Each structure stands twice: as C-alpha cells, then as structure tokens.
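One structure is given here, and the rest of the page talks about it.
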Amino acid sequence: MVGQKESAITPGVPKRTIASIYNPDLLPKEQLIRMFVVRIKKFEKLFADVKSSRMEHPEQPVLIVGLRGMGKTTLLLRLAYEVENDPELNSWLLPIVFNEEEYGITRLFKFWETVAQYLEQKDTAFAGLYDQMDRAYELEPDSVKYEKTAFELLLRTLRQQQKKLLLFIDNFGDMFQRFNKQEKQRLREVLTTCPDLRIIAGSSVAAESFFKYGDPFYELFKIEQLNGLDRRETETFLLHLGEHYPQNPVKEILEKQPGRIETLRRLTGGIPRTIVLLFEIFVDDKNGDAFTDLERVLDSVTPLYKHRMDDLKPQQQEIINALAHSWDAVSAKEVAQKTRLSSKLVSAQLKQLKQNNLVDIQRTNTKNHLYLLHDRFFNIWYLMRMARRGDKKRVLWLVRFLEQWCDEEQLSTRAKSLLWNDQSERAKALGLTFLYADEYLLEDDDQFQFHLLLLAKQEYPFLYDYFIGEKGREFQLKDRFKPLWYALMHYMQDEYPTEYLRMPPEIKETVEEIIARVEQMRKDYSL
C-alpha cells in the first residue's frame with residue numbers, strides 16, 4: 001500500500017497492496033479470513049441462512065447493496081470460503097465466485113456458459129460441460145432455444161453429481177441490466193422454480209432503481225444493506241490493520257486524537273476501502289491532523305473521480321458541478337438557475353444521472369424535490385480539488401467543527417454555569433462578543449456550546465437571525481457551523497419544512513447527536 005514502510009511490518013506477514021484494496025480476491029484465502037474483523041453480524045446472519053437450508057425447495061436470492069468500497073466483494077468471498085470450509089456443506093454445495101466484473105456476460109445463455117466454465121475449474125467432475133454447450137449451440141444457434149438447452153445441460157450434470165450451486169455474483173446490477181426483458185423473466189422463472197441453485201449477489205446500485213413494480217425482478221431478492229462502518233467498527237478495523245506493526249500506530253492516535261479518526265470516518269462515510277487508505281496515512285504521520293489526512297486521501301482518489309467526470313456529457317458535467325458547489329440538496333429549478341440551462345433539460349438530465357447512480361433524490365411534500373450527489377466523498381473531493389478557493393474553506397470549517405465535536409465530552413464550564421443560572425440573555429450577549437472573531441470561530445469550541453445552550457432554551461428566532469442576518473451571511477456562519485444550522489432547522493421544520501431535507505448525509509450523524517445533546521440538556525436542567 002502507498003507509503004507503507006517495509007521495515008515496520010512484522011516479518012512473515014503479507015503486505016496488503018493497493019491492488020488488494022481494490023481487488024480483495026487477490027488476497028490469499030486464509031489472509032482474507034484473518035483480516036475479516038468487521039461486518040461480523042451481517043456475515044453470521046447470511047451464513048446462518050445458507051446453512052439452515054438443504055435447498056430442497058427454491059431459496060430466495062439475496063442482494064447485498066452498498067456503495068463501491070463498502071466491502072461487498074470481501075463479504076461475498078468470506079461467505080464462499082466459509083461454505084468451502086464447512087464439512088456439512090462442502091459435500092453437496094458448490095460455492096462459485098464470479099469475477100468482480102464480468103463484461104462478457106451480456107445474454108442469459110452466456111451466464112450459464114460462464115457457470116459451466118467456473119465449475120470445470122473448481123471440480124474435475126464437470127470437465128467437458130462447456131464443450132457440450134458449445135456443440136449444442138452449433139446444432140441450435142437460436143439464442144432463446146439455446147439458453148434453455150444450456151441450462152438443461154447444467155442442471156442435468158449437477159443432478160448427476162448430486163451437487164447444488166451457490167453463486168456469488170458481484171456488480172449484479174450492472175450484469176442484469178444487460179439482459180433483455182424476456183431473459184430477466186426467464187431468470188426469475190429459474191430462480192423461483194429450481195432448487196438446484198441460489199444467488200447471493202452484490203450491487204452498488206440502489207435496489208429501488210431497478211426493482212420497480214412491473215419489472216421481472218420486482219420483490220424477488222431479499223435485500224441486505226451495507227452501510228458505512230460506525231465508530232467502534234472503524235476503530236476495530238484500524239487496530240487490526242496495525243497489529244502487524246511492532247508498535248501499533250493507531251493506538252496512540254486513538255488515545256491522543258480520537259477526533260482525528262472520527263472526523264475522517266464521518267467525512268468518508270465509513271467506507272472500509274477509504275479507511276484502509278487512511279491507515280496508511282496514520283502509519284506515515286502519527287502526529288498529523290484530520291485536514292492534512294483528508295488532503296492525502298483525496299490525492300489517492302483523484303484519478304478515479306477525475307475519470308468519472310471525464311466520462312460525463314458536457315451538460316451532465318455542468319449539473320454535477322452545480323450540485324457539488326451547492327453541497328446541500330437543491331431543487332431542479334435552483335440547478336437550472338446556476339447552470340443557465342432550461343428547467344426541462346435539467347430535469348431530464350437529473351433523471352438520467354439518478355439512473356446512473358450519480359445523483360440521489362430527496363423527496364419533499366411538494367413537486368419540487370431536492371437533488372444531491374450520491375457519492376458524498378466525491379462531493380468533498382470536488383469542493384477540495386475542482387472548485388474555488390472559498391469552497392475548500394467550507395470543507396476546512398466542517399473538518400474543524402467535527403474534530404472539536406468528536407473530541408469534546410462535556411459542556412464548557414461557562415455554558416454550564418449560564419444554563420444552571422438560567423441566564424440565556426447573558427449567554428446571547430456573551431456569544432455575540434466573540435461571534436465575529438474569525439480566529440475564534442475556527443479554534444474555540446465554546447462557540448458551538450453556546451449554540452447548544454440557545455437551542456436548549458428554544459431561542460430559535462435569535463439563532464435564525466444569527467445565521468442569516470447581514471453579519472451571519474458575511475461570515476458564512478451556515479457553512480462554518482453547518483451541523484448546528486441543520487439542528488436548528490430540525491426544530492424549525494414547521495416554519496421551513498423543506499430546509500432540513502437539504503442536509504448532506506455526511507453530517508446527519510453529527511446533527512442527530514447535537515439534537516440528542518440538546519434534549520439531554522433540557523432534561524438535566526429542566527428547561
């Protein structure tokens with residue numbers, strides 16, 4: 001991996017390379033099993049489902065949904081290896097792991113051919129199966145008839161060998177979208193009537209984007225969502241990565257700078273692949289800070305994200321640019337105003353971008369829904385690398401806020417005292433005395449503690465004016481204290497029903513913590 005010091009690694013321990021970060025199938029089987037220290041509950045749930053069935057009846061297929069880098073491939077491999085290692089299963093159940101990308105599978109009959117090829121590699125008892133299919137195609141080149149023949153050959157051979165199949169397929173959404181509707185319907189028929197094979201698949205495409213009512217796969221799959229790692233999982237993962245070093249570099253950072261790690265987890269969405277890259281940075285610089293760490297991670301993902309932008313059409317690039325600059329969710333009308341494109345054109349392009357999993361929609365109670373970038377770390381990257389200097393500052397403010405918030409354990413003495421003595425007017429005055437001191441806004445955590453105090457006292461009009469008044473706009477307070485602004489919008493949803501919906505997902509956890517803290521303050525101080 002990038003920046004890893006060879007001499008620091010315990011002798012005899014395989015080094016994890018950049019290639020294995022993006023392609024976990026390159027890791028030796030035992031190493032992947034040893035490194036699998038998160039997603040344990042999800043793994044145990046899925047494996048228990050597999051083990052509890054003898055597949056005497058058709059089993060419901062499973063779709064694991066999560067962003068790229070969220071660990072879908074690793075989870076699929078871990079499940080396959082457990083089936084291989086289980087003596088009660090491996091005597092009759094054959095796990096087949098597809099390559100992460102299967103560009104050659106564009107038709108359903110090619111899917112069966114690929115299964116045959118994998119079977120031949122796995123078990124010599126299936127040698128010659130693909131050749132049988134090849135000869136059958138020469139006799140009957142009609143694709144519809146040949147698909148049925150190929151499947152019948154596969155099924156007959158499985159039953160002769162008294163075996164059943166468990167197919168682990170990554171990027172299933174991309175593969176299945178290449179099939180025509182007739183082929184999708186046929187695959188549904190097979191999966192719902194044939195007890196000889198079952199699919200456990202992964203996809204970065206949100207299930208609702210292709211499992212629509214009327215679609216052949218509608219409600220066919222059991223959906224398992226992979227979310228980002230939480231704080232404890234992230235710490236467990238990082239500590240495990242550091243075990244191969246004479247002095248685990250993560251331990252010291254967790255003790256001295258817990259906010260550094262937690263800030264980056266929230267900004268990156270807890271994506272395991274990104275956390276591995278962060279680990280490399282921690283090894284190189286134990287005394288760094290979250291913003292410097294972020295800069296280095298962004299360098300690692302720049303080629304990927306730049307390629308993503310280059311693949312877009314010019315109008316789509318304009319729309320992505322507008323959404324990235326906005327950061328928060330915006331309406332199609334607002335995008336049209338920023339891009340100078342017609343509303344009709346913007347709406348059409350947003351629909352296409354959503355279908356391509358680049359844009360998410362935040363539905364409102366009106367026809368004017370809100371849109372934001374799907375990959376939230378891509379938005380951070382864009383603000384830091386492709387936008388104006390002022391946009392980079394917006395990210396810096398959020399990083400500094402999160403570092404303080406994630407390190408902070410209790411209210412400051414002054415804020416506590418003012419709450420206890422019920423002096424909210426004095427708190428307002430005291431807050432305003434340092435409100436516009438630029439260096440104070442960046443460095444002192446008392447500032448957002450006074451926000452909490454005033455939220456607890458339900459001083460919503462004062463805080464609203466504080467954020468959007470002339471001075472508030474001048475000092476960009478909504479961006480400086482973005483999580484606090486959205487906590488305020490949570491409490492003012494009656495007056496501003498759609499504003500809270502604009503909140504970017506990467507700060508949702510922090511906003512919810514702020515709200516919980518405010519509610520606890522009200523309880524503790526009988527406010």
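The values are calculated or read from the model by the stated rules, or taken from the named source; none is laboratory data. Note that the coordinates shown come from a computational prediction; the quantities given were computed from them, not determined experimentally. Counting neighbours? That spans all protein chains shown, and the Cβs are built from the backbone with ideal geometry, glycine included.
Scanning segment 339-370 for residues that are over 19 Å from SER203 (Cβ atoms), outside any loop (DSSP other than H, G, I, E, B) and either among the β-branched types (Val, Ile, Thr) or touching a Cys at 6+ places or on another chain (Cβ under 8 Å) (or both) turns up THR339, VAL346.
Does segment 89-127 hold any residues that are over 21 Å from PHE176 (Cβ atoms) and among the basic types (Lys, Arg), and which are they? Listed by number, the list holds a single entry, LYS122. The helices (runs of 4 or more DSSP H) found wholly in segment 378-476 and carrying at least 1 residues that are under 26 Å from the mean Cα position of the chain (by Cα), at pLDDT below 90 and surrounded by fewer than 20 Cβ atoms within 10 Å (Cβ to Cβ) occupy 389-407. Just one of (1) within 20 Å of PHE179 (Cβ to Cβ); (2) among the aromatic types (Phe, Trp, Tyr); (3) assigned to a helix (DSSP H, G or I) fails for TYR130. It is (1).
Within segment 300-322, does at least one residue satisfy the condition of being in contact with a His (Cβ under 8 Å, 6 or more places away or on another chain) and of a type outside the set (Gly, Ala, Ser)? For segment 300-322, residues in contact with a His (Cβ under 8 Å, 6 or more places away or on another chain) and of a type outside the set (Gly, Ala, Ser): absent.
In this structure, does GLU113 turn out to be among the acidic types (Asp, Glu), assigned to a helix (DSSP H, G or I) and either outside the structural domain of LYS45 (by TED's automatic domain parsing) or in contact (Cβ under 8 Å) with a residue 24 or more places away in the chain (or both)? Here the answer is yes, as GLU113 does meet what is asked. Kindly indicate whether GLY71 is under 23 Å from the mean Cα position of the chain (by Cα), closer than 21 Å to GLY270 by Cα and surrounded by fewer than 23 Cβ atoms within 10 Å (Cβ to Cβ). Criteria not met by GLY71.
Residues in segment 367-377 that are modelled with pLDDT under 95 and in contact with a strand residue (DSSP E or B) (Cβ under 8 Å, 6 or more places away or on another chain): ASN368, HIS374. Among the residues making up segment 266-315, those that are in a loop (DSSP other than H, G, I, E, B), modelled with pLDDT of 90 or more and more than 16 Å from the chain's Cα centre (by Cα) are ASP311, LEU312, LYS313.
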